[in-house]
Protein chains: 2
Amino acid sequence: MARMVAERADAIAPLAEVFREHGYEGASLALIGKATGLGKGSLYHFFPNGKEEMVRAVLGEIGQWFEDAVYSPLRNESDVNGAIRAMLASTDQYFRSGRRVCLVGALAVANTRDLFAQAIRGYFVAWVDALQSALIRQGREADQSRLLAEEAVLAIQGAIILSRAMDDPAVFQRAIDQLRGRLVIENDTSNYEGTTDVSPQNEGRLV
Amino acid sequence: MARMVAERADAIAPLAEVFREHGYEGASLALIGKATGLGKGSLYHFFPNGKEEMVRAVLGEIGQWFEDAVYSPLRNESDVNGAIRAMLASTDQYFRSGRRVCLVGALAVANTRDLFAQAIRGYFVAWVDALQSALIRQGREADQSRLLAEEAVLAIQGAIILSRAMDDPAVFQRAIDQLRGRLVIENDTSNYEGTTDVSPQNEGRLV
DNA sequence: ACGAGATTGTACCGATCGGTAAACAGATTA
DNA sequence: TAATCTGTTTACCGATCGGTACAATCTCGT
């Protein structure tokens, strides 16, 4: 059943990386080929519509990962504060404390925004909605939860930019810490240690 | 003394616009020529080092504008709350409530970051420093002021991304309103009206 | 009017762009 | 074995890329 040769799915992670690092227009087929180890023929065999289809595949994978790892717990987890803490920890790891760019955010400011507008919007709407749901279940008022959820999501995006501009991951981690203070309602006595940075070896994982 | 023909300075604003809209690599010389009305000959006459020199000129102009309109008042204005309010109003207008991308922020996440790393860093460091100075003069503690200043600057960057992703300038304006609530220490009775959106006609101004 | 310097238009360069076509190879199934 | 589906290689396409060269034009002080 499983094939010996490369599968389409194996190309998604390298594709995500090369689009993150070089953007949509900056990621040439030569770079893509190098990153995936696939020639043009194979690439167009897996993605007949070229780069656009590759990005859509990557966006789908990213959306699925966030759905499973972040949105769904925020919406369904009974331990709301735990889900929020998990969101912050996952985010910190996923974006490598700001060293890794958010592809969706980068696409949102590029001139290619219109091509993927729906996917970009969906990514952020789902995030804000899920976080708002969690904040409401904390007992907060709906409007305030909406505002706070928006603030949190945009703070993460801004933290990526600022920490990259400063070339200082501590900026990102301070932002995450601040968010934890504003989002989590403290009522337990457990001593939760702060930002958990990811170890540098497994840089290829997490989509 | 003043020449009849186009000057180098006249090209800066169109250059800024085209780099904002298309990024560094995406802004081809054809697009640049169209935006500035200058042929390659003139372009390379004014900017012998090509696109890199054009971007540096734009970054210099942007930095100067922010220095005069934002940083300097934050550092020197005796009416601290007024300077902060002015910063938020200027920012809202400059970025057209999130419809206009921040070139510096966009460069910070692009793969060309290293080329302009120093200018990018300087832009954000000056902003955070100036805002911290204002917050300290409000009577806040230095460390808290630093954190809050960082939060404010990254929130503006994140607000641009989120409002563009949502295609909704109201997201940006809500973020500005939230920032005003967190940054300005209310002690007067004057009724200050909220976010002031810029009129859509004069889109070419402000660098 | 003249020469000098500033500005511009145009042709051109090699390299690379995204994408296509088709021959080819490997495994699978009948 | 023959046919088929899947995947890979390679050569190639026209268009555009950033950049250069240089002649032509313009402006201005003398």
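The values are calculated or read from the model by the stated rules, or taken from the named source; none is laboratory data. Here the structure is a predicted model, which means the values were calculated and not measured. Note that we place each Cβ from the backbone using ideal geometry, even for glycine, and neighbour counts take in every protein chain shown. To get the accessible areas, we keep the full protein, side chains included, count just its heavy atoms, and leave off ligands, DNA and RNA. Shrake-Rupley method; radii C 1.70, N 1.55, O 1.52, S 1.80 Å.
Between B:F47, B:N76, B:A108, whose Cα lies farthest towards the positive end of the dipole of region B:42-125 when Lys and Arg beta carbons carry +1 and Asp and Glu beta carbons carry -1, centred on the Cα centre?
Ranked along the dipole, the leading option is B:A108.
If I take the rotation axis that carries chain A onto chain B, which residue of chain A has the nearest beta-carbon, and at how many angstrom?
Of all Cβ atoms in A, the one closest to the rotation axis yields A:G158, 1.
What are the nm distances, shortest first, from B:A142 to its equivalents in the other copies, labels at 7 Å along Cα→Cβ?
Nearest to farthest, the other copies are at 4.8 nm.
How many Cβ atoms of partner chains, on average, are near each residue of B:109-116 if near means within 10 Å of its Cβ?
5
Can you give me the angle between helix A:80-94 and the longest principal axis of chain A, using Cα atoms only, in degrees from 0 to 90, rounded to the nearest 10?
It works out to around 40 degrees.
Residue by residue, what Karplus-based ³J(HN,Hα) values in Hz, rounded to whole numbers, does region B:55-60 have, using 6.51, -1.76 and 1.60 with θ = phi - 60° and x for Gly and Pro?
Going residue by residue, I get 5, 4, 4, 5, 4, x Hz, with x marking Gly and Pro.
What lysines does A:K40 reach when the alpha-carbon gap must be under 29 Å and sequence neighbours fewer than 8 apart in one chain are set aside?
Candidates past the 8-residue exclusion: A:K51.
Taking the solvent-accessible surface of protein heavy atoms with a 1.4 Å probe, what is the per residue accessible area of chain B in Å²?
Per residue, chain B has 45 Å² of solvent-accessible surface.
What does the copy distance list look like for A:Y44, label position 7 Å along Cα→Cβ, in nm and ordered from shortest?
Between copies, matching label points for A:Y44 lie 3.3 nm apart.
Alpha carbon centre of region A:169-186 versus region B:66-82: separation in Å?
Cα centroid to Cα centroid, the span is 28 Å.
From the label point of B:D10, set 7 Å from Cα along Cα→Cβ, how far away are the matching label points in the other copies, in nm, ordered shortest to longest?
The projected label point of B:D10 is separated from its counterparts by 5.9 nm.
Mind checking the full-extension length gain between A:A9 and A:N76? Use 0.36 nm per residue of separation minus the Cα-Cα distance, one decimal, nm.
Length difference between fully extended and current span is 21.3 nm.
Using only protein heavy atoms and a 1.4 Å probe, report how much of A:V125 is accessible, in Å² to the nearest 10.
Surface accessible to solvent at A:V125 totals approximately 40 Å².
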